[in-house]
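Comments concern the structure below.
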Amino acid sequence: MRVTVTFRHMESSEALKSYAIEKTERLGKYLFEPIEVHWVLSVEKIRHIADCTIVANGVTIKAQDDTQDMYAAIDMVLEKLEKQVRKHKEKVKDHKPHNGEGGSIRYPAEGAAEAGRSPRVVRKENQFAKPMSVEEAVMQVEAVKAPFLVFTDSSTNNISVVYRLDDGNYGLIETTK
């Protein structure tokens with residue numbers, strides 16, 4: 001890890017420099033080499049500004065904060081950086097193959113049963129199954145341009161689904177009790 005510290009509009013302080021370098025070392029466990037860290041510590045009137053840029057393995061992460069104390073500004077920037085770096089590491093970890101196969105990204109739908117996980121419901125929709133005939137249901141699907149309609153068949157009192165086929169016709173799913 002290569003760390004540089006630049007001071008602007010203030011005297012360079014070995015204590016601040018070593019504090020920034022020491023605190024930055026804990027980010028190394030989240031990143032892959034080579035890591036370059038550049039700190040810019042500056043003072044504008046009463047604001048102490050800490051700005052940090054990290055470049056690690058092609059990824060650039062930046063954070064900046066200002067307070068009335070330079071040490072506090074460095075700590076706040078490090079909190080922001082650590083949050084971003086952890087998020088990046090989780091993102092990278094989620095995209096790596098877990099079963100030893102190299103190269104491809106696995107999506108939850110692919111091989112969910114193989115991984116011991118079952119597909120999960122990501123969207124729930126409540127529908128009122130209004131009593132109507134099949135012809136009325138088809139007209140309703142055409143009117144609202146919906147891909148399907150759940151309804152109660154008025155002749156059988158069973159729940160049915162009418163859906164649009166690719167060729168423009170309609171399909172019907174009937175349930176029995």
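How large is the Kirkwood hydrodynamic radius of the range 131-174, counting all unique pairs of alpha carbons, in Å?
When all Cα pairs of the range 131-174 are included, the Kirkwood radius is 10.2 Å.
Pairs of alpha-carbon atoms within less than 8 angstrom and 6+ residues apart define the contacts here; what relative contact order does the range 2-95 have, in percent?
25
Hey, fewest Cβ within 10 Å first, where do Phe128, Phe151, Phe7, Phe32 land in order?
Fewest to most other Cβ atoms nearby, the residues stand as Phe128, Phe32, Phe7, Phe151.
When the Cα atoms of the chain are enclosed in a convex hull and the volume is divided per residue, what value in Å³ results?
243
In the structure shown, do any of Lys17/Lys89; Lys17/Lys93; Lys45/Lys89; Lys89/Lys124; Lys91/Lys145 have a Cα-Cα gap over 30 Å, and if so which?
Distance filter (> 30 Å) returns Lys17/Lys93; Lys45/Lys89; Lys89/Lys124; Lys91/Lys145.
Kirkwood hydrodynamic radius, the range 2-95, all distinct C-alpha pairs: what's the number in Å?
13.5
Can you give me the angle between helix 70-95 and the longest principal axis of the chain, using Cα atoms only, in degrees from 0 to 90, rounded to the nearest 10?
Helix 70-95 and the main axis of the chain meet at about 40 degrees.
Let's test the formula: R0 of 35 Å, r as the Cβ-Cβ distance of Phe32 and Lys177. What FRET efficiency results, to the nearest 0.05?
For R0 = 35 Å, the calculated efficiency reads 0.05.
Based on the mean of other beta carbon atoms within 10 Å per residue, what is the order of 161-168, 22-29, most packed first?
Answer by packing, highest mean first, reads 22-29, 161-168.
Mind checking the full-extension length gain between Arg86 and Ile46? Use 0.36 nm per residue of separation minus the Cα-Cα distance, one decimal, nm.
11.2 nm
I'd like the orientation of helix 134-144 relative to the chain: the angle between its Cα long axis and the longest Cα principal axis, in ° from 0 to 90, rounded to 10.
Taking Cα atoms only, the helix is inclined about 30 degrees.
Coordinate-derived values only; no laboratory data. Predicted, not measured: the structure shown is a model, and the values here were computed from it. As a convention, Cβ positions derive from the backbone with ideal geometry for all residues, glycine included, and neighbour counts pool all protein chains shown.
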